[in-house]
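Everything below concerns the one structure shown next.
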Amino acid sequence: MLDGWVPWPKPLAAKYREEGYWEGRPLDRLLRESAERGPSRTALVDADGNRWTYAELDLRADRMAAGLRRLGIGDGDRVVVQLPNTGAFVVLFFALLRAGAIPVLTLPAHRESEIVHVAEVSGATAYAIPDLHDGFDHRALARAARKAVPGIEHVLVAGDAAEFTALADVDADPVPLPEADPGDVAVLLLSGGTTGKPKLIPRTHDDYAYNVRASAEVCGFDGDTVYLVVLPTAHNFALACPGLLGTLMAGGTVVLSPTPSPEDAFALVEREKVTATAVVPPIALLWLDAVEWEEADLSSLSLLQVGGSKLGAEPAARVEPALGCTLQQVFGMAEGLLNYTRLDDPPELVIGTQGRPMSPADEVRVVDEDDRDVPPGESGELLTRGPYTLRGYYRAAEHNARAFTTDGYYRTGDLVRILPSGHLVVEGRAKDQINRGGDKISAEELENHILAHPAVHDAAVVGMPDETMGERTCAYLVPRGQAPGQRELAAFLTERGVAAYKLPDRVEVIETFPRTSVGKIDKKALGRLIAERLRAEGIGGD
Ligand code: OOB
């Protein structure tokens, strides 16, 4: 139904179906089936204590789907969704699938620059927002986005809608709706990005349902699972690995935390007897400290998944004794491939590796700069393809030619080595991206924004080591006149509508850039330079 995406080659798709990876069922069925099995069980609880049974959630999604159709939203329409961790997200997500529309998932932190781009590329006709979130008025953002992208016909608001449509009014008696073709795109996820503009990742019903189902199996999710959503619901990790969707598929209970702070999260763990959750390493570090002073009873927690960036071996070893639960390292990507340490892996693998591929059908290669396989155990770039890894970004033919091999392997940009057990150790990165505690920042995208500043002649963005975040962002500037300082640059970028997590943490002025032999900016040299400077200042880094 959607065009502009790259499907799997037909013989491979047939194989994935034959071998049972793809079950040929629309993604929203996972809710329907759990509702049929246990209608009165609790599906969803929010921070305020509002509770939805499976029957209620299922019906709400049906009613909203009918309401969406009445507005003319359905049949492959793209809808940019930017909602925080609230019941509205869950209801809308399933309602969109049932209406035949495609959610385009963005983070609450995204601003005009990201939203306008994503709305343009996806050709969105609607945009769903909260009224206010974290002190920010999303309705003002919606006004700006509509001006820039006139194709956005509808703005749907959770809360006070002002001149727009309240999500609460998107409600009608359920109508029979055509079921989606499971081979079609179900959702568009946002990539961390390595290029000038964020890319969209098409995930089909078949592939995403498999992602969820196999993850739930690996993580032992069942009807007794109580999963706390701590990361944004729109993040693949919290949504589908196994996350919110895996919990609903298993018939468990999803609990929504408004923030990852120990105050909010621990209180919910105690109140709802949460059994599993997923966090990024900086949050894991915060929680490991917070157990010392927070009083909450965490004894129900049996699984802590940590991923998004590399967890150090030292904090990894502290998880089990401090929190009294099993640690699972997760090395995943919105593009597809998921690596999990297994629940019965020996401690040295759980602490010292980032897991092994989820599926027997995952194909992984580790290659050198000329795409030749490195000897077993040596480090190189990870390439992958499989039943839930994309074959191309949406409407990005030129980029796809570089991001994939001719035989369909996705170039992850991650440097790894593989142990004899099949477990992967992430050793670094070949891509031009900063991983700021799990938040991904494309250096090129940020540089392009910085270059718009009148006092900047040239810019290069690199990561700098940071004890809690893994790395933070440093912008090297070649000035034209008086270079902007960190604050001035942050204000300038904010004015341009750049999300706050992308703002450089530090600005360094340099006369000329070090260059590689082929004349490119030598980012490795800049990375060493800032690391040295931090060491000299006595601020972390090694
Ligand atoms: C997850 O997804 P994305 O799309 O935000 O980022 C993917 C990238 C990976 O290519 C890798 O560079 C990095 O994030 N990464 C890790 C990691 N997990 C992700 N690097 C080192 N160690 C890890 N454990 O981040 C994501 C998606 C699903 C599940 C978990 C994480």
* Asked: Under a straight-distance cross-link criterion of Cα-Cα below 27 Å, which lysines are reachable from LYS523, leaving out those fewer than 8 residues away in the same chain?
  -> LYS197, LYS199, LYS310, LYS431, LYS440, LYS502
* Asked: Just the accessible area per residue of the chain, please: how many Å² with a 1.4 Å probe?
  -> 40 Å²
* To do: Go through GLU445, GLU36 and list them by solvent-accessible area, largest first, probe radius 1.4 Å.
  => GLU36, GLU445
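Quick check on packing: order 239-248, 419-428, 76-85 by the mean number of other C-beta atoms within 10 Å, highest mean leading. Numbers along the way, then the final one.
Numbers: 239-248: 27.7, 419-428: 15.8, 76-85: 24.6.
Top to bottom by mean Cβ count within 10 Å: 239-248, 76-85, 419-428.
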* **Cut-off under 5 Å, modelled amide H: who pairs with ARG436 long-range** => ILE441
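Rounded to the nearest 0.05, what FRET efficiency is calculated for GLU292 and ASP222 with R0 set to 30 Å and r the Cβ-Cβ distance?
Numbers: r = 32 Å, r/R0 = 1.07.
Calculated transfer efficiency: 0.40.
Report the extension gain between LYS147 and SER300 in nm, rounded to one decimal, defined as 0.36 nm multiplied by the number of residues separating them, less their alpha carbon distance.
Details: separation 153, 0.36 × 153 = 55.08 nm, distance 4.87 nm.
Value of the extension gain: 50.2 nm.
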* Structure fact -> Extend 7 Å from the Cα of ASP3 along its Cα-to-C-beta direction; within the stretch 383-399, residues with backbone N under 19 Å of that point are 392-398
* To do: May I ask you to list the aspartates and glutamates whose Cα is less than 16 Å away from that of LYS147, ignoring any residue fewer than eight positions away on the same chain?
  => GLU112, GLU114, GLU120, GLU163
* Roll a 1.4 angstrom probe over the protein heavy atoms and tell me the percent of accessible area of the chain that is carbon or sulfur. => 50 percent
* Can you tell me the FRET efficiency between ASP160 and ARG528 if r is taken as the Cβ-Cβ distance and R0 is 45 Å, rounded to the nearest 0.05? => 0.35
* In nm, what is the difference between 0.36 nm times the number of residues separating ALA401 and ARG37 and their Cα-Cα distance? -> 126.5 nm
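Given only helices, namely DSSP H runs of n ≥ 4 each adding -39500 (n - 2.57), what is the per-residue ellipticity at 222 nm of the chain, to the nearest 500 deg cm²/dmol? It would help to have the intermediate numbers written out before the result.
Details: 17 runs with 177 residues, N = 542.
Theoretical 222 nm ellipticity from helices: -9500 deg cm²/dmol.
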* Whole Å is fine, so just give me how far the alpha carbon centre of the stretch 455-481 lies from that of the stretch 30-55. => 46 Å
* To do: May I ask you to list the aspartates and glutamates whose Cα is less than 20 Å away from that of LYS15, ignoring any residue fewer than eight positions away on the same chain?
  => GLU23, ASP181, ASP184, ASP206, ASP207, ASP362, GLU363, ASP407
* To do: Can you tell me the FRET efficiency between ASN448 and ASP137 if r is taken as the Cβ-Cβ distance and R0 is 30 Å, rounded to the nearest 0.05?
  => 0.70
* Asked: Each label point is 7 Å from the Cα along the Cα-to-Cβ direction; what then is the distance between the points at THR516 and GLU18, in nm?
  -> 4.2 nm
* Asked: So how far, in whole Å, is the C-alpha centre of the stretch 200-247 from the one of the stretch 349-389?
  -> 22 Å
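The values are calculated or read from the model by the stated rules, or taken from the named source; none is laboratory data. Small disclaimer: the values here were computed from a predicted structure and weren't measured. No Cβ is skipped: glycine too gets one built from the backbone with ideal geometry, and neighbour counts run over all protein chains shown. Remember, those area values only see protein heavy atoms, side chains included, never the ligands or the DNA or RNA. Shrake-Rupley method; radii C 1.70, N 1.55, O 1.52, S 1.80 Å.
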